[in-house]
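The values are calculated or read from the model by the stated rules, or taken from the named source; none is laboratory data. Since the model is a prediction, treat every value here as computed from it, not as a measurement. Don't worry about glycine lacking a Cβ; one is built from the backbone with ideal geometry, like all the others, and counts go over all protein chains shown. Just so you know, the surface numbers come from the protein's heavy atoms only, side chains and all, with ligands and any DNA or RNA stripped out. Shrake-Rupley method; radii C 1.70, N 1.55, O 1.52, S 1.80 Å.
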Amino acid sequence: MSERPSELLLRHSLKQLKLPTMLRDYATVATRCTKENCDYVTYLWRLVEREALDRDKRAAERRIKNARFPVIKTLDTFDFTAQPSLKEKLILELMVGQYMERHENVLIIGNSGTGKTHLASALGFAGCQQGRRVRFYTVHALVTHLIEMSEQRQLERTLRQLSRLDVLILDELGYVPFTKTGAELLFEVISRAYERLSVIVTTNLPFESWTEIFGSERLTGALLDRLTHRVHILEANGPSYRLLESKRRLGRRDSGEMESDELAQATAASGDKSKR
Ligand code: ADP
Ligand code: MG
């Protein structure tokens with residue numbers, strides 16, 4: 001069936017105005033509205049609403065992609081009973097996202113496998129769905145990136161880009177010690193983020209050990225001062241979830257006590273990188 005000129009023009013305009021959902025749906029919604037005897041305003045509203053919903057969905061998907069989460073993790077798969085030291089109520093409150101409006105930070109402290117990356121990612125994911133610009137980095141990757149940008153005389157630009165975020169996630173602070181330049185660059189990031197955006201840091205290090213990886217007591221003090229001025233601290237001091245899962249799997253296999261060599265294997269399989 002050849003298209004009517006008005007339809008051709010409509011399609012052209014919808015493309016030009018970048019309204020893909022209206023372009024896709026105008027005919028089906030029209031058929032339905034005819035059947036239901038809707039007036040023109042209702043037809044238009046139904047069509048526009050579809051576009052608006054799809055646009056929100058596309059924008060959230062774009063923000064999630066731009067955040068570069070290593071794996072998508074959400075809170076509904078997080079088992080709080082496995083980590084009783086974590087304050088569930090506080091985490092549920094954080095998921096609502098007001099901390100981002102107040103530019104408050106979140107510090108997640110705990111050994112390897114205690115769900116730190118999972119929680120940081122879940123908070124970031126919720127942020128994306130709430131319309132926030134989020135970016136996930138391991139501390140090591142960010143510092144390497146900043147050093148590279150600095151060598152290419154792009155440091156200022158990169159720092160400005162970072163300060164336009166709503167949430168910066170810095171995963172795995174403490175696994176790799178910094179060079180002097182690396183420590184200074186990270187300090188610069190935290191300084192600029194201070195009271196402008198939220199920073200979520202995950203670490204296996206208690207505060208007293210931070211000087212060891214930053215190298216300088218003065219810089220560590222100044223950094224902690226900014227980071228912890230307005231901060232929510234989540235401490236996971238339970239067992240490694242990876243280890244628990246390995247144990248459970250092995251336990252299912254022979255439903256008996258684990259042999260010590262199996263336990264050693266499970267520990268290795270858990271990829272425990274903790275330096276403590
Ligand atoms: P960490 O960053 O503290 O080393 P991860 O967040 O990477 O730990 O957790 C290791 C694995 O175990 C991930 O697959 C994560 O989803 C899972 N995990 C950790 N803690 C929990 C938990 N309490 N409930 C469900 N899954 C968990
Ligand atoms: Mg982790």
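Descriptive notes on the structure:
- Taking a ≥ b ≥ c as the square roots of the eigenvalues of the Cα gyration tensor, an a/c ratio of 1.5 or more together with a/b no larger than b/c marks segment 140-195 as oblate.
- Leu159 sits among other residues whose Cβ lies under 9 Å from its own Cβ, and their net charge, with Lys and Arg +1 and Asp and Glu -1, is +1.
- Antiparallel content of DSSP bridges confined to the chain, in %, to 5: 0 percent
- Cα gyration tensor shape of segment 110-227, rounded if a/c is under 1.5, else prolate or oblate by comparing a/b with b/c: oblate
- With all protein chains kept in place, the per residue accessible area of the chain amounts to 60 square angstrom at a probe of 1.4 angstrom.
- 23 Å Cα cut-off, lysine pairs counted over the chain (separation 8 or more, or different chains): 20
- Contour minus Cα-Cα distance for Gln161 and Asn237 (0.36 nm per residue): 23.9 nm
- The residue list Tyr26, Val48, Ala59 was ranked by how far each Cα lies along the charge dipole of segment 5-64 toward its positive end, using unit charges on Cβ atoms, and Ala59 comes out on top.
- At R0 = 35 Å, FRET efficiency that the Cβ-Cβ distance of Arg153 and His229 yields, to 0.05: 0.65
- Among the trypsin sites (Lys or Arg not before Pro) in segment 30-73, those located in a DSSP loop and surrounded by at most 14 other Cβ atoms within 10 Å of their own Cβ are Arg68.
- Shape call, segment 104-148: gyration tensor on alpha carbons, a/c limit 1.5: oblate
- Note on Lys57 and Ser13: the model spin-label points, each 7 Å out from Cα along the C-beta direction, lie 2.6 nm apart.
- Taking amide H as placed 1.01 Å from N in the peptide plane, Val199 has its amide H under 5 Å from the amide H of Asn105, Val106, Leu168, each at least 5 places away in sequence or on another chain.
- Our helix-only sum for the chain, with -39,500 (n - 2.57) per DSSP H run of n ≥ 4 divided by its residues, gives a mean residue ellipticity at 222 nm of -18500 deg cm²/dmol.
- Protection-proxy order for peptides 79-85, 94-100, each taking the mean of Cβ atoms within 10 Å per residue, highest first: 94-100, 79-85
- For the chain, a crude dipole built from +1 on the beta carbon of Lys and Arg and -1 on the beta carbon of Asp and Glu, taken about the Cα centre, is about 1060 debye to the nearest 20.
- The distance separating the Cα centre of segment 148-182 from that of segment 50-128 comes to 21 Å.
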